[in-house]
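Undergrad: One structure coming up, written as structure tokens, with questions to follow.
The values are calculated or read from the model by the stated rules, or taken from the named source; none is laboratory data. This is a predicted model, so every value here is computed, not measured. Every residue, glycine as well, gets a Cβ built from its backbone with ideal geometry; the counts of neighbours run over all protein chains shown.
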Amino acid sequence: MTTPEKDGFPGKGLLKGLGVTIKTMVSRAGTQQYPDVEPELPARSRGVIGLMESNCTVCMLCARECPDWCIYIDSHKETVEVPGAARARQRNVLDRFDIDFSLCMYCGICIEVCPFDALFWAPDFAYAEGDIRNLLHDRDRLGEHMAGVPAPPPHDPNGEPSKEESTAAKKGGAR
């Protein structure tokens, strides 16, 4: 039990609470008028998952580690003849890469386990659909999200450029 000598006077907590309430009542609300005004998001915010198809080796780690089983991957093996090799090599070719965003819980495990940096967070967040079946994004639609992925932060100024920077430079020079 508290005594008035320790706390100052009875009802001090009540007056503090009322003070906070009155301060909140007279202050101006900071409501953003979305969708009329786009919110300013941090550069590396999580929105939707984008796929860089050229980096995907169809290792299926992302699909195996996904706790919701919302990633669907189909592939086939293709024989590649290597000059001077004793036998032909085989490589996986991506046929289907779909993410069902109606099941996805946006945990980011798929992005973290991808050893070849094929999956990225894109800051797009306004991709709501009227029909739940349209939340199944195929590899083409996932590739469209890559346009919004910001470049990674710079590494060592004396080091080599990142894969994303060198790929962008190659694509920019090819046009």
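Undergrad: Mind checking which helices (runs of 4 or more DSSP H) fall wholly inside the range 1-95 and carry at least 2 residues that are within 30 Å of Gly143 (Cα to Cα)?
TA: Per the criteria, 61-65.
Undergrad: Here's a follow-up. Taking the options Leu14, Leu103, Leu61, name whichever one is among the hydrophobic types (A, V, I, L, M, F, W, C) and in contact with a helix residue (DSSP H, G or I) (Cβ under 6 Å, 6 or more places away or on another chain).
TA: The match here is Leu61.
Undergrad: Starting from the range 144-164, take each residue that is charged (D, E, K, R) and list its partners that are assigned to a helix (DSSP H, G or I), counting only C-beta distances under 6 angstrom and pairs at least six apart or across chains.
TA: none
Undergrad: Of the conditions (1) surrounded by 13 or more Cβ atoms within 10 Å (Cβ to Cβ); (2) under 20 Å from Glu53 (Cα atoms); (3) not small (Gly, Ala, Ser), Leu103 satisfies every one except a single condition; which number is it?
TA: Of the numbered conditions (1) surrounded by 13 or more Cβ atoms within 10 Å (Cβ to Cβ); (2) under 20 Å from Glu53 (Cα atoms); (3) not small (Gly, Ala, Ser), the odd one out for Leu103 is (2).
Undergrad: For Ala43, all conditions in the list (1) surrounded by 10 or more Cβ atoms within 10 Å (Cβ to Cβ); (2) in contact (Cβ under 8 Å) with a residue 12 or more places away in the chain hold save one; what is the number of the exception?
TA: Among (1) surrounded by 10 or more Cβ atoms within 10 Å (Cβ to Cβ); (2) in contact (Cβ under 8 Å) with a residue 12 or more places away in the chain, Ala43 violates only (1).
Undergrad: Sticking with this one: Which residue is farthest from Pro42 (Cα to Cα), if the candidates are limited to the range 128-157 and must be assigned to a loop (DSSP other than H, G, I, E, B) and of a type in the set (D, E, K, R)?
TA: Asp131
Undergrad: If Ala174 passes every condition in (1) modelled with pLDDT of 90 or more; (2) among the hydrophobic types (A, V, I, L, M, F, W, C); (3) loosely packed, with under 15 Cβ neighbours inside 10 Å; (4) over 25 Å from Leu41 (Cα atoms) but one, which one does it miss?
TA: (1)
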